[in-house]
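Read the figures in this text as sums done on the coordinates, not as results from a lab. Computed from a prediction, not measured in an experiment: that's the story for all the values here. Quick reminder, even Gly has a Cβ in these numbers, built from the backbone with ideal geometry, and neighbours come from all protein chains shown.
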Amino acid sequence: WLKNYGLEQGFAITITHSEKDKKDGLPRWRIYACTRGQKYMPRKEAHTEESRNAEHNTGNCQFRVNTYCRKNDNLVYITKVENQYNHKLVETIAALAPSYQKFTPEMQEDVRLLATCGVRSGAIIEVLRHKNSGKYIHDRDIYNLINSIRHEKNQDKSDAGSIYLNLMKQQQENSSFYVDAQFKGQENRLVRLCWMRPSQQE
């Protein structure tokens, strides 16, 4: 809810403080603040003219929301609100703040399903934007996720191929070692693999 509020107003929200219950591990106290709420502290003592004039994202913004989750009903209560800003609000914050560009689990599942089925990257981007019209999506982020998924898929294929070669080597060393493999398609994709050691055949 707070992230949506920040998106509507034009600023990004982050969790600056969180305390968990020692028994159940659930967060009980949390403080939400504007991402520009941290006071700017220069790291270097000596600055050039360029570094003094450089822009930074921190501005000691005073926006704060304190929340508390009660143990008896696990309902979240807002205990304090400081709705004050010391900077201009940005209408295009969704395209600038990384917190608004993260993929939801549903989006990741959609990309994984489409990429695994061989759908081209451009079509995957179109599907995501159609299903999530209110969310700003960077093409680069989608390409990175697609490449990661396809790399995992190729790694799985490589692992299966390594297992098959190892089994065939054992069969050459011992003719009683049973190996049955089935390949499919012009690329000889391994679709079934079964083996039995001599001791298992007795």
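Points worth noting:
- Extension gain, residue 70 to residue 131: 0.36 nm times the residue separation minus the Cα-Cα distance gives 18.4 nm.
- Gained length - residue 123 relative to residue 16, 0.36 nm times residue gap less alpha-carbon distance: 34.7 nm
- Inter-label distance for residue 116 and residue 184, nm, one decimal - labels placed 7 Å from Cα along Cα-to-Cβ: 1.4
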